[in-house]
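Asks: Have a look at this one.
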Amino acid sequence: MKKILAIALALCLVLGLSAATAEYKTVEAGKFIYATSPDFPPFESLDDNDTVIGIEPDLLALICAELGLTPEPYAIDFDSALAAPSAGKVDAVVSGVTVKEERKTMMDFTIPYVTIVQGVVFKTGDDITMDNIGEKKIGVQSGTTGQFEAVDRYGEDHVTAYDKYSIGFQALQNGQVDCIMVDDMVGAAYVKTIPGLEMISTGFEPENFAFGLAKGNDELLAAINEQLQKLIDDGTVEQIILKWNE
Amino acid sequence: MEQFVAWKAMMSAGEPTTIWQQFYVLFYQAFIENDRWRQYLSGVGTTLYVTVLALVLGVVLGLIVAVVRTAHDLQRPGHKNVILGFFNGILKMYVTVIRGTPMMVQLMIMGLVIFASSRNFVMVGALTLGINSGAYTAEIIRGGLMSVDQGQTEAGRSLGMNYADTMRFVVVPQAIKAILPALGNEFIVLLKDTSLISVIGGKELLYAARSVAARNYEPMYPYVGAAIVYLILVMIFTKLLGIFERRLRASDRR
Amino acid sequence: MIDVKNLTKDFGDLKVLRGVSQHINKGERVVLIGPSGSGKSTFLRCLNLLEIPTSGEITFEGQLITDEKCDINKIRQKMGMVFQHFNLFPNMTILKNITIAPVRTGLMNKEQAEKEARELLKRVGLEDKADSYPAQLSGGQKQRIAIVRALCMKPDVMLFDEPTSALDPEMVGEVLDVMKELAQSGMTMVCVTHEMGFAREVADRVLFMDGGVIVEEGTPAEIFGSPKEKRTQDFLNKVL
């Protein structure tokens, strides 16, 4: 009896340990390095200590804790962040990435965890509607779905792409562009911080956000999907999103 | 076109493809699909436009600064001109500030603060680059003017020519020959620095390459393509400079 | 014609001229001799204000040129100068070298200046060099061109600052010949030189300078024949 107990205990211990330190193949052992453009509140932004904070870092913290990995952000401009996983520099891009068919050649997407729509932010009082936006100057971030939508719909001449949203929103305040096309949840965060701005929805097709993992890391993808599904099912994702949208 | 679609589908599906097929697909989508070469072409146009504008502005500014500063330094001791001293002080500060701050910071300040209400990003970029280049050009020209033998100025002045004529006909032409290599170097730096104006929204060559790279999620072909264009431009420029230099050296032959 | 009163010149702490007074008459040919560092070149360069005197007065043709308000460019047009190192403009042809000043100062138009230049070139035997560049000429030829360049401004006086010191020995003669011819034509000349033969032959008056002052002056016969001052004797013993 004692013997069986001991074996069971040992088994538990071994299993438990192996669950905590399951060997996932990552760029640096034990770490989960992700490329991100931290000018994208509430999904990710920088606090005063240069720490990346927001919805996605919170989610990653929970997921990685379960997988026995330490999340480590690699801050870079968005278009470069998208290219980082296929360049083998990082394990994933986690930067409010919209699931798009073309992007699947570059990365393996996890299951989506939130849905957004493109919004248009402009200075309160300016006459900007979805009917006349085609005549305006639209600011976007380089490489975002907002850029593609704006260029495809209104033409290159109406669009100016900036490295960072922070520069884009400064240009908006200066009047150098008439509006910024940006994911609605992010736009709302900027409207909240910068006085005198408002946002309308574009009514374009909704977009799903997911993490983009370096291609071929099926074990890690499956593990993250499992954890993410759990967090969606028990309402944690929603809670975190609500918390950051307060 | 059909071949491109077919091969691209093969690549997306992960079917085995030859290196040639991969090259064809990536090259096609980087430069030919949706007439993307037009984006590069208009980007090159902007790059050249900004370079020429900035170059002219830089040389004019540099010449003014250099002449004023040289004139100030060569005044009779004890006979300092107050107005000249005032301008000399301002220009000295200009050179110090511009050479002491990074190009990128200057672009941000010019684009987002000083010209906050301008939408002509290309013009603001050209202006910033020109002002930046002027500070470096000024020192190059000043060095060139100083390198011309003092006897040349003396000879010109002893013949009764005024300072301006002596500079214009005697000193400057000789200085140009001495500074041309350094000036050419500065121009090359300038040409390449135009790529920085994309941060304030100037749509030059790098902006085009970046847009295409973002569209295709494939950075190599657009960026290498842009690099090759820059290289070709610099090589053409170097060649032209060489021809110009040879013509200036005509008076050296024996 | 040129009147110098109590001229001094300091370079920092170094007193190069310590009070020189001198009068040079029209048509006079004055030769300055003396050891190097004696201040003779500085004295000459003060005459057309290439060096600004520290104190003292210089009057040229009745005009006080050390006065701030004096238009020195106008004065210099009347005072030709020839330098030790020629100082031809290497970026111009010989013809352009000669004509640039008269044309730019408005003394002559281009045609007049070129005609004048060619005549002067003929006079020094270099008419075939009009379209050459300075780098293509020998030292002696360059110095003859430099003299022509100064003459083309039709100056009232010619200042020579050791015109033969930088020349190879075999070229000294051709330059001195031009200067002698110029002297015979009645030009007022002030000449700093080490060519004692030339001084003896051409000068009306020889000035011996040492230590920033004129130690002794007189006709060539007086200075070379029976120098009174010890310093003059020592110097002449060394060079002759």
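The values are calculated or read from the model by the stated rules, or taken from the named source; none is laboratory data. Please read these numbers as outputs of a predicted model, since none were measured by experiment. Glycine gets a Cβ as well: all are built from the backbone with ideal geometry, and neighbour counts include every protein chain shown. Note: accessible area is taken over every heavy atom of the protein model, side chains too, but ligands, DNA and RNA are not part of it. Shrake-Rupley method; radii C 1.70, N 1.55, O 1.52, S 1.80 Å.
Asks: With of a type in the set (Lys, Arg) and open to solvent by less than 60 Å² (accessible area, probe 1.4 Å) as the only criterion, which of B:Lys203, B:Lys192, B:Lys239 stands out?
Replies: Working: B:Lys192 fails: open to solvent by less than 60 Å² (accessible area, probe 1.4 Å); B:Lys239 fails: open to solvent by less than 60 Å² (accessible area, probe 1.4 Å).
Answer to the check: B:Lys203.
Asks: Oh, and also: Looking at segment A:66-82, I want the residues that are away from chain B (no Cβ under 14 Å) and have a partner that is assigned to a strand (DSSP E or B) and of a type in the set (Asp, Glu) with Cβ atoms under 9 Å, at least 6 apart or on another chain. Which pairs are those?
Replies: Cβ pairs passing all conditions: A:Pro73/A:Glu44; A:Ala75/A:Glu44.
Asks: Among the candidates A:Glu72, A:Glu66, which residue alone is open to solvent by 60 Å² or more (accessible area, probe 1.4 Å), in the same structural domain as A:Leu46 (by TED's automatic domain parsing) and part of a strand (DSSP E or B)?
Replies: Values: A:Glu66 fails: part of a strand (DSSP E or B).
So the residue among A:Glu72, A:Glu66 that is open to solvent by 60 Å² or more (accessible area, probe 1.4 Å), in the same structural domain as A:Leu46 (by TED's automatic domain parsing) and part of a strand (DSSP E or B) is A:Glu72.
Asks: Same structure, new question: Return the only residue of B:Leu191, B:Leu196, B:Leu233 being farther than 30 Å from B:Gln75 by Cβ and touching a Gly at 6+ places or on another chain (Cβ under 9 Å).
Replies: B:Leu196
Asks: Being free of Cβ contacts under 8 Å to residues at least 40 places away in the same chain and crowded, with 24+ Cβ neighbours inside 10 Å is the filter here; which residues of segment A:136-157 pass it? Spell out how you get there, then give the answer.
Replies: Taking segment A:136-157 and keeping what is free of Cβ contacts under 8 Å to residues at least 40 places away in the same chain, we get A:146-148, A:150-157.
If the condition is that a residue be free of Cβ contacts under 8 Å to residues at least 40 places away in the same chain and crowded, with 24+ Cβ neighbours inside 10 Å, then A:Gly146, A:Gln147, A:Ala150 are the ones that fit.
Asks: Taking segment A:158-209 only, how many residues are open to solvent by less than 20 Å² (accessible area, probe 1.4 Å), away from chain B (no Cβ under 12 Å), closer than 20 Å to A:Ile76 by Cα and touching a helix residue (DSSP H, G or I) at 6+ places or on another chain (Cβ under 8 Å)?
Replies: Qualifying residue count, segment A:158-209: 4.
Asks: Let me ask another. Of B:Ala30, B:Ala6, which residue is of a type outside the set (D, E, K, R), outside any loop (DSSP other than H, G, I, E, B) and loosely packed, with under 14 Cβ neighbours inside 10 Å? Give the steps one after another, and end with the answer.
Replies: Working: B:Ala30 fails: loosely packed, with under 14 Cβ neighbours inside 10 Å.
Residue meeting the stated conditions: B:Ala6.
Asks: Got a number for residues in segment C:101-147 being open to solvent by less than 60 Å² (accessible area, probe 1.4 Å), in a loop (DSSP other than H, G, I, E, B), within 14 Å of chain B (Cβ to nearest Cβ) and in contact (Cβ under 8 Å) with a residue 24 or more places away in the chain?
Replies: Number satisfying all stated conditions: 5.
Asks: For segment A:100-112, state whether one or more residues are farther than 30 Å from B:Gly14 by Cβ, open to solvent by 10 Å² or more (accessible area, probe 1.4 Å) and polar (S, T, N, Q).
Replies: At the first step, the residues of segment A:100-112 found to be farther than 30 Å from B:Gly14 by Cβ are none.
No: zero hits.
Asks: Is there a residue being free of Cβ contacts under 8 Å to residues at least 12 places away in the same chain, open to solvent by less than 50 Å² (accessible area, probe 1.4 Å) and either under 30 Å from A:Asp152 (Cα atoms) or in contact with an Asp or Glu (Cβ under 8 Å, 6 or more places away or on another chain) (or both) anywhere in segment B:44-54?
Replies: Residues of segment B:44-54 that are free of Cβ contacts under 8 Å to residues at least 12 places away in the same chain, as a first pass: B:45, B:52.
From the residues that got through so far, the ones that are open to solvent by less than 50 Å² (accessible area, probe 1.4 Å) too are B:45.
Cutting the leftovers down to either under 30 Å from A:Asp152 (Cα atoms) or in contact with an Asp or Glu (Cβ under 8 Å, 6 or more places away or on another chain) (or both) gives us B:45.
The answer is yes, given that some residue of segment B:44-54 is free of Cβ contacts under 8 Å to residues at least 12 places away in the same chain, open to solvent by less than 50 Å² (accessible area, probe 1.4 Å) and either under 30 Å from A:Asp152 (Cα atoms) or in contact with an Asp or Glu (Cβ under 8 Å, 6 or more places away or on another chain) (or both).
Asks: Kindly provide the set of residues from segment C:163-182 that are closer than 22 Å to C:Cys46 by Cα and either surrounded by fewer than 21 Cβ atoms within 10 Å (Cβ to Cβ) or over 16 Å from the mean Cα position of the chain (by Cα) (or both), ordered by number. Walk me through it before giving the result.
Replies: The initial filter retains those residues of segment C:163-182 that are closer than 22 Å to C:Cys46 by Cα, namely C:163-166, C:179.
Matches in segment C:163-182: C:Ser165, C:Ala166.
Asks: OK, next. Restricting attention to segment B:157-202, which residues are touching a Ser or Thr at 6+ places or on another chain (Cβ under 6 Å), modelled with pLDDT of 90 or more and outside any helix (DSSP H, G or I)?
Replies: Correct list: B:Gly160 only.
Asks: How many residues does segment C:28-45 hold that are closer than 14 Å to C:Ile2 by Cβ and either part of a loop (DSSP other than H, G, I, E, B) or open to solvent by 10 Å² or more (accessible area, probe 1.4 Å) (or both)?
Replies: Taking segment C:28-45 as the starting set, the residues that turn out to be closer than 14 Å to C:Ile2 by Cβ are C:28-30, C:32, C:43-45.
Next, from what is left, pick out any that are either part of a loop (DSSP other than H, G, I, E, B) or open to solvent by 10 Å² or more (accessible area, probe 1.4 Å) (or both): C:28-29, C:45.
Summing the residues that are closer than 14 Å to C:Ile2 by Cβ and either part of a loop (DSSP other than H, G, I, E, B) or open to solvent by 10 Å² or more (accessible area, probe 1.4 Å) (or both) in segment C:28-45 gives 3.
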